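Below: the structure, in structure tokens.
The values are calculated or read from the model by the stated rules, or taken from the named source; none is laboratory data. Computed from a predicted structure; not experimentally measured. Virtual Cβ from ideal backbone geometry, glycine too; neighbours counted across all protein chains shown. Heads up: the accessible areas ignore ligands, DNA and RNA and are worked out on the full protein's heavy atoms, side chains in. Shrake-Rupley method; radii C 1.70, N 1.55, O 1.52, S 1.80 Å.
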Amino acid sequence: MTKPIFILNGPNLNRLGKREPAIYGKTTLAEIEAMCRDEAGMVPVEFRQSNSETLLIDWIHEAIDTGSAIVINPAAYSFTSMAIMDALKMFPGPVIEVHISNIHRREEIYHHSYMSSVVTAVIAGLGPGGYRAAIKAALEMLGDGTA
Ligand code: CA2
């Protein structure tokens, strides 16, 4: 059976499309999930969001045991969580960090993600399409790409 790609979303991303459209756009997380499932095709997807750091870490552990790749938007935990960084370090497959906005174009507090030094790749500033690009890249890395 094909292992799922875990797509994990951090705090406040459940509010996407409802506030701050100038930064994060009008697309909701449910629409991003649909886009991800479409991009993954036959490959199963575990698409999850939590405002809890603990739960996100538990899901990374679950991905270590059962998943093929991780696509993660850690949101504000990017800039604070050594615990999530340590969990991601343990994952043996591709890990792609996604940010909807270009964090490097924003205020300095958004410039340094703890995750970036341990992940396989970082995508920032492509809007919701960054998730699609991340899945495509992960599938190619896993050898499941159709290209
Ligand atoms: O650009 C991204 O994807 C971010 O990871 C989003 C995080 C932010 O802390 C990062 O700097 C960049 C915040 C997500 C907050 O989501 C909201 C959704 C609706 C309204 C306001 C915030």
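Among the conditions (1) without any contact (Cβ under 8 Å) to a residue 40 or more places away in the chain; (2) touching a helix residue (DSSP H, G or I) at 6+ places or on another chain (Cβ under 9 Å); (3) within 16 Å of the ligand (Cβ to nearest atom), Glu108 misses just one, which is (2).
One line per residue, one yes/no per condition, for (1) in contact with a Lys or Arg (Cβ under 9 Å, 6 or more places away or on another chain); (2) within 16 Å of the ligand (Cβ to nearest atom); (3) not in a loop (DSSP other than H, G, I, E, B):
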residue: Ala83; (1), (2), (3): no, no, yes
residue: Phe91; (1), (2), (3): no, no, no
residue: Glu97; (1), (2), (3): no, yes, yes
residue: His104; (1), (2), (3): no, yes, yes
residue: Ser116; (1), (2), (3): no, yes, yes
residue: Val122; (1), (2), (3): no, yes, yes
residue: Arg132; (1), (2), (3): no, yes, yes
residue: Ala137; (1), (2), (3): no, no, yes
residue: Met141; (1), (2), (3): no, no, yes
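Taking (1) under 21 Å from Arg132 (Cβ atoms); (2) touching a strand residue (DSSP E or B) at 6+ places or on another chain (Cβ under 8 Å) in turn, Arg105 satisfies each apart from (2).
Put simply, of Arg48, Arg106, Arg37 the only residue that is more than 14 Å from the chain's Cα centre (by Cα) and among the basic types (Lys, Arg) is Arg106.
Evaluate the following for Ile103: is it modelled with pLDDT under 95, open to solvent by less than 30 Å² (accessible area, probe 1.4 Å) and under 18 Å from Ala121 (Cα atoms)? Answer is yes for this residue.
Scan region 1-26 for residues that are within 16 Å of the ligand (Cβ to nearest atom), modelled with pLDDT under 95 and part of a loop (DSSP other than H, G, I, E, B) and the total you get is 6.
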